[in-house]
1. Fewest to most neighbouring Cβ within 10 Å: what's the order for 36, 206?
2. Can you show me the helix-derived [θ] at 222 nm for the chain, built from DSSP H runs with n ≥ 4 at -39,500 (n - 2.57) apiece and divided by the number of residues, rounded to the nearest 500.
3. In degrees from 0 to 90, rounded to the nearest 10, what is the angle of the helix 112-125 Cα long axis to the longest principal axis of the chain?
4. If you rank 143, 6 by fewest surrounding Cβ atoms within 10 Å, what's the result?
5. Quick one: check the C-alpha center-to-center distance for the stretch 91-148 versus the stretch 28-49, whole angstrom.
6. For the stretch 1-118, take N as its residue count and report Rg(C-alpha) divided by 2.2 N^0.38 Å.
7. Semi-axes of the stretch 151-232's equivalent ellipsoid from the Cα gyration tensor, sqrt of 5 times each eigenvalue, largest first, rounded to whole Å?
8. Could you estimate the translational diffusion coefficient of the stretch 89-134 from the Stokes-Einstein equation, with Rh from the Kirkwood formula over C-alpha pairs, at 20 °C and 1.002 mPa s, in whole µm²/s?
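Nothing in this text is a laboratory measurement; each read-out follows from the coordinates by a stated rule. Keep in mind the model is a prediction, meaning the values are calculated, not measured. Reconstructed Cβ throughout: ideal geometry from the backbone, glycine too, with neighbour counts over all protein chains shown.
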Ligand SMILES: [Zn+2]
């Protein structure tokens, strides 16, 4: 009879001592605990940042794990850490800053509409070059994850994936409409439905007009993007 089963890897043991020995070396358990620990650290980092912004904690001051665990906001911060990992944000701290600056109630932290207004806010307020840099980083990460050469991104990315990246602001409208290769290699391949959906999120005409009046910005975007998308 196998009485002792490891819940991480499903191996079974008839003796408790063997099971105990296994627990010390189970790779799956170690992995689980590692990710769990990373999630915890992300949650704690957000909690600390929030407390500093609320002037309840001085910068650089520490908070014990116990204090975090016992806070009535523990669950919210752990969920927020997960939310800002599964949904694309520039950084979880920036998202937290946005929530604080706009006095967004805790109950709305992880709402779709909040994430959308955060993306809108960045599109409208952050300077174009900063947004271009963020876009380059996001595309670089995407390419690494999906084994694609960054130089081939605009020719090979499917319109569907690109649309999702535009909606999430991983591809800023400054780059989408302002970088030559995005226009000739990506926008040339999309249909009316695509443009219509993108328009609902970002208002295409707004950006096209903005770029028409901003030659210097357009040149700077070009230079910034060329560095990543034409050279290796
Ligand atoms: Zn195991």
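1. Numbers: 36 10, 206 14.
Starting with the residue having the fewest Cβ neighbours, the order is 36, 206.
2. Numbers: 13 runs with 152 residues, N = 232.
Helices in the chain give a 222 nm mean residue ellipticity of -20000 deg cm²/dmol.
3. Between helix and principal axis, roughly 40 degrees.
4. Numbers: 143 18, 6 15.
If I rank by nearby Cβ atoms, fewest first, I get 6, 143.
5. When both Cα centres are located, 22 Å separates them.
6. Details: Rg = 19.1 Å, N = 118, 2.2 N^0.38 = 13.5 Å.
Ratio of Cα Rg to 2.2 N^0.38 Å: 1.42.
7. Values: eigenvalues 72, 57, 19 Å².
Each semi-axis is √(5λ); the values are 19, 17, 10 Å.
8. 194
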